[in-house]
Structure formats: structure tokens, C-alpha cells
1. Could you check how many residues of segment 1-21 are of a type in the set (K, R) and farther than 13 Å from L36 by Cβ?
2. Working only within segment 9-38, note down all residues that are part of a loop (DSSP other than H, G, I, E, B) and among the hydroxyl-bearing types (S, T, Y).
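What follows is calculated from the coordinates using simple rules that are stated; it is not laboratory data. These numbers come from a predicted model, not from an experiment. Here Cβ is always computed from backbone atoms with ideal geometry, including for glycine, and neighbour counts include all displayed protein chains.
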Amino acid sequence: MMNVNEFDRMNTLSEKILSSTASAHEIAEFTVLLNLWKSSEKFNLVIDLPQ
């Protein structure tokens, strides 16, 4: 489960990646955090669309 600090770090890293200033280590760290976020129920909302 992802905690608030990891979520904040992922957001910081995503900004660096988008601005092309992230190092290879930061990109790898972002990938790990992204996979953690994808499996986290707390920070990943599931929205059901009407049928």
C-alpha cells in the first residue's frame, strides 16, 4: 500500500520527467512508485460509468 510520502514523491518525479530533468535513477524510482500506485486502493479511485 502506498503512503502519502510515496505519493508526493511520485508527483515530484512525474514533474521532473515531464520537464526532461529526471535522472535515470529517478525514472526507475518513478516506475516503482507508479506500479505501487496502480495497486493502491487509497490513492487510485475506481469510477464506475453508468451502464
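1. Matching residues across segment 1-21 total 1.
2. S19, S20, T21, S23, listed by residue number.
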